[in-house]
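*Asks:* Okay, here's the structure, questions in a sec.
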Amino acid sequence: MQCGKCDLKAVMELQHGALCKSHFISYFEDKVFRTINRYQLIQRKDRICVATSGGKDSLTVLYLTKKYCEKYQIPTNNLFALVIDEGIAEYREKTVIDLELFCRKHNIPLKIAYFKEELGKTLDDAYPIINQGTSKKPCNVCGVWRRYLLNKHAKKIGATKVVTGHNLDDEAQAIIMNLFKANVDLAGRLGPLSGGSEHDLFVQRVKPLYLCGEKEVRLYTVLKGFQVQFAECPYSKEGYRHHIQEMLNEFEHKYKGTKQGIIKSFLAMLPRLQEKEEKQQITPCRKCHEAANNDICNACQMKEVLEIAR
Ligand code: SF4
Ligand SMILES: [Zn+2]
Ligand SMILES: [Zn+2]
């Protein structure tokens, strides 16, 4: 297969034709930069915290956020990376090593926060106890605690935006999950810029890879030669998301454009969902004073289960 723009061999076939290595890289970077501009994800005055894990999506978004800032002469001394170490044996320590190397190479300050230090236990130790009391799966605990620590530390460092590596596949899965579980309120928090409005207790989360498929991100990482583990979290197959992911992949294989269709339909509905979301009350948690929808935030509620079991 030949590149549609030059004589070189193509590395990927897209909807509008095939591209060689260098044309694919420019196409991909251009798409990410256009997403940032179109949805105004980054502004000159922003202090940017990139939520990283050391995986392919987060290294890509970290690299491209820095490149975007350089391109538009936004000072990069306002950019830093933050990783939450959940304490998942044989997995997270490996990705954190890749991340540390990457940040050193690209001269990006990195901050690490640990579940064990801040919530009392690693995910590996906390999950079986919380599961007994609540039947929550590892990803439920992990997701709540990780978002909690990300927001807390991003605020602490004075960030005005948290950049995440969510790609088009992740978002399509989240949309379908919310739909299947009738989580209408949560749906309003999705989109390229999470949570429509600014809030003192919340740092807005933005997703520059919003329109990039998982396969595209994977290929970009390989072509750029980033040192990255493609290993999956050992818990990932236990989650509801995994079934949705398999279903969507199967659909996409049979009916090309399914995932794009989900995103497109969702973006058309998003303004209305956000109106509803903005009416929701966010108040400080009575225990930790972080953002909460109830009297006590979800992170503290899960921590309480551990304390009771002690
Ligand atoms: S797959 Fe689940 S447990 Fe593993 S890192 Fe992701 S959310 Fe956490
Ligand atoms: Zn080419
Ligand atoms: Zn709390």
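*Asks:* Could you check how many residues of region 108-149 are more than 16 Å from ligand 3 (Cβ to nearest atom), at pLDDT below 95 and aliphatic (A, V, I, L, M)?
*Replies:* Result for region 108-149: 1.
*Asks:* Report every pair of residues separated by at least 6 positions or lying on different chains whose Cβ atoms are under 9 Å apart, first residue within region 144-160 and over 21 Å from residue 43 (Cα atoms), second basic (Lys, Arg) and more than 11 Å from ligand 3 (Cβ to nearest atom).
*Replies:* Note: pairs meeting the criteria are 144/136; 147/205.
*Asks:* OK, next. Can you tell me which residue within region 44-60, out of those that are in contact (Cβ under 8 Å) with a residue 60 or more places away in the chain and farther than 21 Å from residue 142 by Cα, is surrounded by the fewest Cβ atoms within 10 Å (Cβ to Cβ)?
*Replies:* So, considering only residues that are in contact (Cβ under 8 Å) with a residue 60 or more places away in the chain and farther than 21 Å from residue 142 by Cα, the one surrounded by the fewest Cβ atoms within 10 Å (Cβ to Cβ) is 45.
*Asks:* Okay, moving on. Could you run through region 15-43 and say how many residues are more than 9 Å from ligand 2 (Cβ to nearest atom) and either over 26 Å from the mean Cα position of the chain (by Cα) or surrounded by 15 or more Cβ atoms within 10 Å (Cβ to Cβ) (or both)?
*Replies:* Total meeting the criteria: 14.
*Asks:* Turning to a different aspect of this structure: Which pairs have Cβ atoms under 6 Å, sit 6 or more apart or on different chains, and link a residue in region 116-128 that is not assigned by TED's automatic domain parsing to the domain that holds residue 143 to one that is of a type outside the set (D, E, K, R)?
*Replies:* So the pair list comes out empty.
*Asks:* Among (1) in contact with a Pro (Cβ under 7 Å, 6 or more places away or on another chain); (2) crowded, with 23+ Cβ neighbours inside 10 Å; (3) farther than 17 Å from residue 192 by Cβ, which single condition is residue 64 missing?
*Replies:* (3)
*Asks:* What's the number of the condition residue 16 fails, among (1) under 28 Å from residue 193 (Cβ atoms); (2) in contact with a strand residue (DSSP E or B) (Cβ under 9 Å, 6 or more places away or on another chain)?
*Replies:* Unmet for residue 16, out of (1) under 28 Å from residue 193 (Cβ atoms); (2) in contact with a strand residue (DSSP E or B) (Cβ under 9 Å, 6 or more places away or on another chain): (2).
*Asks:* Do any helices (runs of 4 or more DSSP H) lying entirely in region 213-310 carry at least 3 residues that are within 16 Å of ligand 3 (Cβ to nearest atom), and which ones are they?
*Replies:* Correct list: 298-309.
*Asks:* Which of the residues spanning region 227-267 are away from ligand 1 (no atom under 16 Å from the Cβ), over 23 Å from residue 192 (Cβ atoms) and in contact with a Leu (Cβ under 9 Å, 6 or more places away or on another chain)?
*Replies:* 227
The values are calculated or read from the model by the stated rules, or taken from the named source; none is laboratory data. None of these values were measured; they are calculated from a predicted model. Neighbour counts run over all protein chains shown; Cβ positions are idealised from the backbone, glycine included.
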